[in-house]
Each structure stands twice: as structure tokens, then as C-alpha cells.
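K.L.:
Would you mind keeping the following structure in view while I ask a few things?
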Amino acid sequence: MKKLAIIPARGGSKRLKNKNRLLLSGKPLVVYTIESAIKSKLFDKIILSTDDEKIAKIGKDLGISIYYRPKKYASDTATVIQALVELMETFEKNGEKYDVVCQMLPTCPFRDFEDIKKGIQLLDKKTDSVISISTYNFPLPKSLSKKGDFIKPYWPNSPFLTGKTRTQDQQIFYHDNGAFYISWWESIKKYKTFYKGEIKGYEINHLKTIDIDNKLDFEMAEIILTHVKDNKNQSEIKKLLSHLI
């Protein structure tokens, strides 16, 4: 099967300026995702989709292909799936097509390339997409809504109303974490989303899926990497992130 990896990394970012090329422990943020794709040795082509020449240069220096996305798909209102579909349509017009597409967000720098391999192994003919997921840090059934100074349980069957408040009794909920979204090329063409059809979730440890969205996230990632690189520390954190050393 021919496999294509897509790393969407536009230049604009309101919450954290120039986020995708900020230096995290000495390397531009986007480099971590590019290196994961390369180390996996899974892909026939790795594409960096961007509108920023400085980001493009980072990709070129690492030997991967660059796709300059149209301005329409590089705005604050454009979504990464819209940009992906546009790229695929352009590729097909030029006679280039793949069997499998894997999209990886650069804001998730700690993903393990071994997890990418395991995610692709889950994609079979009965499955349209495989998405990396993590559990929420706090039980969603215990959600509260707030109006003015007043709060109330959000769900009608809230454990605060039923009395079943033990954490171990709560239903577990998951969210996507940006490490990877894997799909058949034809499924993306058909649905124009990773979330329709038959979808499998591949669970990844929270520590490997830190999502960098703002300055605090970035500083936390820097602290974690400093911890990992301390050779005297043989903690669980170091074991989980040993692939980054």
C-alpha cells in the first residue's frame, strides 16, 4: 500500500505567535512531528503543508516535500480537514494518489513513532479511520454549568444528583489528541472527515500527547523535555519519552 503522511503547519497563530517554528529544547516545534514520521519508516511520501516560507525551509532541510497551501486554506477560519481535502484533490488532478493518508498535528510533539505503526496496523478493510485518543483528565459526568455566580450539574443523571460520585464508577470518555488521524484515501474522499464510517480509537498515554496551544503549554513541554534529558533521572516520564532522546 502507498502511504502518505501530511503535517499541516500554517504560519499564523493567534494564541502563540509563530508556534510551529518556536524552538522547543533547541528544535523548531514542527521538527518533532517530522522526525516521528521519518523514524516510523512507513510512508512513501511525507508532506509539510504550509503557507509560511520559514516553516517550509525547515521541512526542506529535513528532506521532506512541501505543499504550499492556498491562502483560502491558511486562514484562521479554515480547518485542517479542508486543507487536507484540497491537497488530495490537487494531487489527484496531477495523477498522484495514495491508499492511506495519515495526518499528524505539529502541536503534538511527543508522539512515539511506534504508536504510529500500531495505529496503521489497526486500519483494515472494515475500518474507515483510526484516530489517536486519550482519556479526559476529569470525569465528564461530573461536569457543572455556570450562570452568573450559580452552578448546577450539567447532566440530568449527574452523579452529584444520583449520589454515585466515586471516580471509579464514572463512565470513561475520550478525546482526540492530534498524534495521528489515519484513513483510507477513498474514505476521506467520500466523507471529507475522519469521523464518519467505521472508526477505531488507539489510546495513547497523556504524557506523549501534550498539546501545545499557548505559552503555558509550551513552557510545560520545555520542562518535561529538560526532565527527560537528565540522564540521572530514571523516572516513568523518562521511560515513556525515551524515543525523544
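The values are calculated or read from the model by the stated rules, or taken from the named source; none is laboratory data. Only a predicted model underlies this, so the values are computations on that prediction, with no experimental measurement involved. Cβ placement follows ideal geometry from the backbone for every residue including glycine, while neighbour counts extend to all protein chains displayed. Heads up: the accessible areas ignore ligands, DNA and RNA and are worked out on the full protein's heavy atoms, side chains in. Shrake-Rupley method; radii C 1.70, N 1.55, O 1.52, S 1.80 Å.
K.L.:
Can you pull the accessible area of residue 227 for me, 1.4 Å probe, Å² to the nearest 10?
P.N.:
60
K.L.:
Follow-up. If you take all C-alpha pairs in the chain, what percent of them are over 24 Å apart? Spell out each step's value before the answer.
P.N.:
Details: 15541 of 29890 pairs.
Tail of P(r) above 24 Å: 52 percent of Cα pairs.
K.L.:
Is it possible to state the helix-based mean residue ellipticity at 222 nm for the chain, with each DSSP H run of 4+ residues giving -39500 (n - 2.57), the sum divided by total residues, to the nearest 500 deg cm²/dmol? What is it? Before the final figure, lay out each step's value.
P.N.:
Details: 8 runs with 74 residues, N = 245.
Helix contribution divided over all residues of the chain: -8500 deg cm²/dmol.
K.L.:
Classify region 1-79 from the C-alpha gyration tensor, please: rounded if a/c falls under 1.5, else prolate or oblate depending on whether a/b exceeds b/c. Show your work: numbers first, answer last.
P.N.:
On the way: a/c = 2.03, a/b = 1.28, b/c = 1.59.
Oblate.
K.L.:
Another question, then. Cβ under 14 Å from residue 139's Cβ, residue 139 left aside: what net charge do those residues give with Lys, Arg +1 and Asp, Glu -1? Don't jump to the answer; show the numbers that get you there.
P.N.:
Working: positive: 142, 164, 166; negative: 169.
Net of charged neighbours comes to +2.
K.L.:
OK, next. For region 128-245, what's the relative contact order in percent, using C-alpha pairs closer than 8 Å and at least 6 residues apart? Write out the running numbers ahead of the final one.
P.N.:
Numbers: 136 pairs, mean separation 38.5, N = 118.
It comes to 33 percent, rounded to a whole number.
K.L.:
Further, regarding this structure: Tell me whether region 195-242 comes out rounded, prolate or oblate; compute the Cα gyration tensor, take square roots of the eigenvalues as a ≥ b ≥ c, and use a/c under 1.5 as the rounded threshold. Before the final figure, lay out each step's value.
P.N.:
Working: a/c = 5.30, a/b = 1.67, b/c = 3.17.
It comes out oblate by the Cα gyration axes.
K.L.:
Run through every distinct alpha carbon pair of region 107-245 and return the Kirkwood hydrodynamic radius in angstroms, one decimal place.
P.N.:
Numbers: mean 1/r = 0.0562 Å⁻¹.
One decimal place: 17.8 Å for the Kirkwood radius.
K.L.:
If you don't mind, there's one more thing I want to ask. Work through the residues other than residue 111 whose Cβ is under 14 Å from its Cβ and net out their charges, Lys, Arg +1 and Asp, Glu -1.
P.N.:
Values: positive: 39, 117, 118, 208; negative: 35, 112, 114, 115, 176, 203, 211.
Neighbour charge sum, excluding residue 111 itself: -3.
K.L.:
Mind scanning 54/126; 71/93; 45/208; 14/152; 45/192 and naming the pairs with a C-alpha gap bigger than 31 Å?
P.N.:
Numbers: 54/126 41 Å; 71/93 19 Å; 45/208 24 Å; 14/152 33 Å; 45/192 21 Å.
Exceeds cut-off: 54/126; 14/152.
K.L.:
Computed FRET efficiency, Cβ-Cβ of residue 71 and residue 122, R0 45 Å: what is it to the nearest 0.05? Display every interim value, and only then the final one.
P.N.:
Working: r = 36 Å, r/R0 = 0.79.
Rounded to the nearest 0.05, the efficiency is 0.80.
K.L.:
Still on this structure, please answer the following. Taking amide H positions as placed 1.01 Å from N in the peptide plane, with prolines and chain starts having none, which residues 5 or more places from residue 110, or on another chain, fall under 5 Å of its amide H?
P.N.:
210
K.L.:
I've got another one for you. What FRET efficiency comes out for the pair residue 136/residue 1, r = Cβ-Cβ distance, R0 = 41 Å, nearest 0.05?
P.N.:
Working: r = 34 Å, r/R0 = 0.82.
That gives a FRET efficiency of 0.75.
K.L.:
Follow-up question, since we're still on this one. Go through 192, 17 and list them by solvent-accessible area, largest first, probe radius 1.4 Å. Can you show the working numbers first?
P.N.:
Numbers: 192 105, 17 155 Å².
In descending accessible area the options line up as 17, 192.
K.L.:
Per residue, how much accessible area does region 163-245 show when a 1.4 Å probe rolls over the protein heavy atoms, in square angstrom? Could you put the intermediate results ahead of the total?
P.N.:
Numbers: 5100 Å² over 83 residues.
Accessible area per residue, region 163-245: 61 Å².
K.L.:
I would also like to ask the following. What net charge do the residues around residue 214 carry, taking every other residue with its C-beta under 12 Å from that of residue 214, with Lys and Arg at +1 and Asp and Glu at -1? If you can, show how the numbers build up before the last one.
P.N.:
Numbers: positive: 14, 15, 17, 19, 215; negative: 211, 213, 217, 219.
Summing Lys/Arg as +1 and Asp/Glu as -1 gives +1.
K.L.:
Return the long-range amide H neighbours of residue 180 (sequence gap of 5 or more, or a different chain), with a cut-off of under 5 Å between placed amide H atoms.
P.N.:
Amide H neighbours of residue 180, under 5 Å, 5+ apart: 132.
K.L.:
Okay, next question. Probe of 1.4 angstrom, ligands and nucleic acids ignored: what's the accessible area per residue over region 1-77, in square angstrom?
P.N.:
On the way: 3870 Å² over 77 residues.
Here the residues of region 1-77 average 50 Å² of exposed surface.
K.L.:
Which value, in Å² and to the nearest 10, is the accessible area of residue 165 when all protein chains are kept and the probe is 1.4 Å?
P.N.:
Counting only protein heavy atoms, residue 165 exposes about 60 Å² to solvent.
K.L.:
Keeping all protein chains in position, work out how much accessible area residue 211 exposes to a 1.4 Å probe, and write it in Å² to the nearest 10.
P.N.:
80
K.L.:
May I pose another question? Carbon and sulfur: what percent of region 170-245's accessible surface (1.4 Å probe)?
P.N.:
Details: 2410 of 4420 Å².
Here carbon and sulfur together make up 54 percent of the probe-accessible area.
K.L.:
Related question: Of all the accessible heavy-atom surface of region 68-167, with the other protein chains kept in place and a 1.4 Å probe, what percent is carbon and sulfur? Write out the running numbers ahead of the final one.
P.N.:
Working: 3290 of 5940 Å².
Ligands and nucleic acids excluded, carbon and sulfur reach 55 percent.
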